[in-house]
Amino acid sequence: MPRTFYITTAIDYTNAPPHIGHAYEKIAADAIARWHRMLGEDVFFLTGVDEHGVKIEKAAAAEGISPQEFVGRISPQFISTWAKLGVKYDRFIRTTDDHHEKAVQQAFSRLLAQGDIYKAKYEGLYCAGCEEFKNERDLVDGKCPQHGAPPQPFSEENYVLAIAKYKDRIRAHIEANPDFVQPESRRNEILNLLETFPDVSVSRQKVKWGIPVPGDESQVIYVWIDALLNYVTGIGWGSDEAMFAKYWPANCQLIGKDITKFHCIIWPTVLLALDIPLPRQVYGHGWVNIGEQKMSKSLGNVIEPNAIADQFGADALRYYLLREITFGKDGSYTFDNFKLRVNADLANNLGNALNRTLGMLEKNFQGAVPADVPGVTAELRDRVVETRATAAVHMEKLEIQETLETLWGLIDAVNKYIDTQAPWALAKAGETEKLGGVLYGVLEALRVVTILVSPFIPHLAEKLWEQIAVPEALADQRWEALEWGGLVAGQQTNKTGPVYPRIEDELAEAGTKKK
RNA sequence: CGCGGAGUAGAGCAGUCCGGUAGCUCGUCGGGCUCAUAACCCGAAGGUCACAGGUUCAAAUCCUGUCUCCGCAACCA
């Protein structure tokens, strides 16, 4: 039985279409999932959407349609975007899925019966215009800035989760398991927050669009119970216990840094109360800023991943986000940077390396793979072995940027090797055997590179693979396939041209670039 | 004294946990090669690692203090 690897992402809120931030998280999760598949593990990758809640209720009302109809429009946009970006998940969960709703109600009942959920009065200031509770700091001169009227004191009876009961165990777990909260910078923050973190309300009276509280139809279950439980219901908790037992606990729960506290305090509380083991890791990644600014609708700088993928290819976006942003920290997207990175690494270094190699093979060997000459290729072979090992170490720690740096270091080495060996000179001198060895080495290194980069840029890797023309499918290549010598002499390559064309300045620079 | 992030070459960043010749990409300048997507290879210039103290044989890295910038209301990962 291969080792299992269960990875989840946050489920996105479907009150608006996906943007580049949503895409970043899914792409990262996908790359990690694909890497582990390559290692030969039994991977389950869960993602999905949160379709409940007041904002969706409102957004639907604004369009004069039902919430069901509304999410029925939005959720498919997430699905199609992930398809376009090559995000290959095993399950896409929607919080409106029947088995999920049932399991959530069961969990709620159990927590209530155990006393882990209790009833309490929630008091606050309610603005009828906004239909929501306001904080003191939201108000201007004691009035709602949107409606100009003072909100009314209001109290409602809610169901509350008893986090206090589990704080000690959560703290102990975080302290005993350094990998539980990652990156490390978030750990101390969580330990700090834990001290003062209050019991939270897990139901809403005023919201209609949600899972009803069992036995109390006047309220719906709030996001902390509803949405968080997707991570277990998505692999069968409450519906397919065998599957759940197989994959849980999750190896990696990838989320945005802002919701780390909910995933490291509320979520463990729910799990502990339900006697479910805690996940091995919660990883809070950073934001994608747009240039210097935070992305926001009000600033009007929201970037749509679809548009970029359509114009420049999904892998360009995947590569840029994974290579440019230190995983765990904030990063920024600018078109100029995007273009530079993608041109340099995908077109100039990787794509061109294969293209020049296949060109020489065609010219000198009619496109057939020559025989390895160990004495000639030893240098590259060593480099391949070293790269594979280093990349594995980085990926184990989710150092995606360093992983890509390492892989591109090998690509650089390949280009350098070509220059140093000067195959064109060998051809002129008639040193056919050595020439063959050089080209074998280069192509073999590129074969390994293709497999290694495939989790990150799957579509481009596929194109490279087709031209190298290894008979077996790229998707079937596992760790063992990275051993030197996989390329069989005599096999015919299939040169069809550049795999990734450079992004040219045709539009923006049309008037200014010409001399 | 609210919380948290950040300040490293012209630009964008890594390195900081586990002190020891300051690294990457792009850009600039010079050279090489000609198989290739005006690509590839080599070399050079360019940094008081925000500032001030301290610890140390040695500090971008550890400690203390100061300054500056950015998030933490909403849309929102």
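The values are calculated or read from the model by the stated rules, or taken from the named source; none is laboratory data. No experiment lies behind these values; they were computed from the predicted model shown. Quick reminder, even Gly has a Cβ in these numbers, built from the backbone with ideal geometry, and neighbours come from all protein chains shown.
Do we find a residue being crowded, with 22+ Cβ neighbours inside 10 Å, over 26 Å from A:ILE259 (Cβ atoms) and out of contact with any strand residue (DSSP E or B) (no Cβ under 8 Å at 6 or more places or on another chain) anywhere in the range A:299-307? Checked against the condition, which is being crowded, with 22+ Cβ neighbours inside 10 Å, over 26 Å from A:ILE259 (Cβ atoms) and out of contact with any strand residue (DSSP E or B) (no Cβ under 8 Å at 6 or more places or on another chain), the range A:299-307 yields no hits at all. Taken together, the criteria place A:GLY64 among residues that are more than 23 Å from A:PHE5 (Cβ to Cβ), not in a helix (DSSP H, G or I) and not β-branched (Val, Ile, Thr). Go through the range A:383-424 residue by residue and tally those that are among the hydroxyl-bearing types (Ser, Thr, Tyr) and under 28 Å from A:ASN251 (Cβ atoms). The number of residues fulfilling the criteria is 4. Just one of the listed residues (A:LEU271, A:LEU254, A:LEU322, A:LEU317) is buried (at least 18 other Cβ atoms within 10 Å of the Cβ), farther than 15 Å from A:GLY21 by Cα and either away from RNA strand B (no atom under 16 Å from the Cβ) or in contact (Cβ under 8 Å) with a residue 40 or more places away in the chain (or both), and it is A:LEU271.
Just to verify a result, which residue in the range A:398-421, among those that are more than 9 Å from RNA strand B (Cβ to nearest atom) and closer than 13 Å to A:THR326 by Cα, is surrounded by the most Cβ atoms within 10 Å (Cβ to Cβ)? Among those that are more than 9 Å from RNA strand B (Cβ to nearest atom) and closer than 13 Å to A:THR326 by Cα, it is A:THR403. Take the residues in the range A:68-90 that are surrounded by 18 or more Cβ atoms within 10 Å (Cβ to Cβ) and of a type in the set (Gly, Ala, Ser); name whichever of them is nearest to A:PRO458 (Cα to Cα). The extreme case among them is A:GLY86.
Could you identify the single residue in A:ASP372, A:ASP419 that is farther than 27 Å from A:GLY286 by Cβ and not in a helix (DSSP H, G or I)? Answer to the check: A:ASP372. Selection of the range A:1-33 for residues being within 16 Å of RNA strand B (Cβ to nearest atom), out of contact with any Pro (no Cβ under 9 Å at 6 or more places or on another chain) and not in a helix (DSSP H, G or I) yields A:ILE7, A:THR9, A:ALA10, A:ILE11, A:TYR13, A:THR14, A:ASN15, A:ALA16, A:PRO17.
If you go through the range A:451-461 and keep only what is within 20 Å of A:GLY485 (Cα to Cα) and either hydrophobic (A, V, I, L, M, F, W, C) or part of a helix (DSSP H, G or I) (or both), you end up with A:ILE451, A:LEU452, A:VAL453, A:ALA461. Being buried (at least 20 other Cβ atoms within 10 Å of the Cβ) and assigned to a helix (DSSP H, G or I) is a description that applies to A:HIS36. If the condition is being of a type in the set (Gly, Ala, Ser) and surrounded by 24 or more Cβ atoms within 10 Å (Cβ to Cβ), then the range A:209-226 contributes only A:GLY210. In the range A:325-359, the residue that is surrounded by the most Cβ atoms within 10 Å (Cβ to Cβ) out of those that are in a loop (DSSP other than H, G, I, E, B) and within 9 Å of RNA strand B (Cβ to nearest atom) is A:ILE325.
Residue-level check: of (1) assigned to a helix (DSSP H, G or I); (2) touching a residue at least 24 places away in the same chain (Cβ under 8 Å), A:ARG187 misses just (2).
Looking at this structure, is A:LYS246 in contact with a strand residue (DSSP E or B) (Cβ under 7 Å, 6 or more places away or on another chain) and surrounded by fewer than 17 Cβ atoms within 10 Å (Cβ to Cβ)? Yes.
I'd like to check something: does the range A:49-67 contain any residue that is at positive phi and either free of Cβ contacts under 8 Å to residues at least 12 places away in the same chain or surrounded by 22 or more Cβ atoms within 10 Å (Cβ to Cβ) (or both)?
Yes, the range A:49-67 contains at least one residue that is at positive phi and either free of Cβ contacts under 8 Å to residues at least 12 places away in the same chain or surrounded by 22 or more Cβ atoms within 10 Å (Cβ to Cβ) (or both).
Between a first residue in the range A:103-121 that is surrounded by fewer than 19 Cβ atoms within 10 Å (Cβ to Cβ) and a second residue that is among the acidic types (Asp, Glu), which pairs have beta carbons less than 9 Å apart while being 6 or more apart in sequence or on different chains? Note: pairs meeting the criteria are A:ARG110/A:ASP116; A:TYR118/A:ASP199; A:LYS119/A:GLU157; A:ALA120/A:GLU157; A:ALA120/A:ASP199; A:LYS121/A:GLU156; A:LYS121/A:GLU157. The single residue among A:TYR222, A:TYR283 that is within 12 Å of RNA strand B (Cβ to nearest atom) and over 30 Å from A:GLU504 (Cα atoms) turns out to be A:TYR283. Only one of the listed residues (A:LYS339, A:LYS294) is within 29 Å of A:VAL448 (Cα to Cα), at pLDDT below 95 and of a type in the set (Lys, Arg). That residue is A:LYS339.
Within the range A:427-449, identify whether any single residue is closer than 30 Å to A:VAL282 by Cβ and more than 9 Å from RNA strand B (Cβ to nearest atom), and answer yes or no. No, because not a single residue in the range A:427-449 is closer than 30 Å to A:VAL282 by Cβ and more than 9 Å from RNA strand B (Cβ to nearest atom). The residue pairs whose first member lies in the range A:328-356 and is closer than 28 Å to A:ASP419 by Cβ, whose second member is more than 7 Å from RNA strand B (Cβ to nearest atom) and not in a helix (DSSP H, G or I), and whose beta carbons are closer than 7 Å, counting only pairs six or more residues apart or on different chains, are A:LYS339/A:ILE503; A:VAL342/A:ILE503; A:ASN343/A:ILE503.
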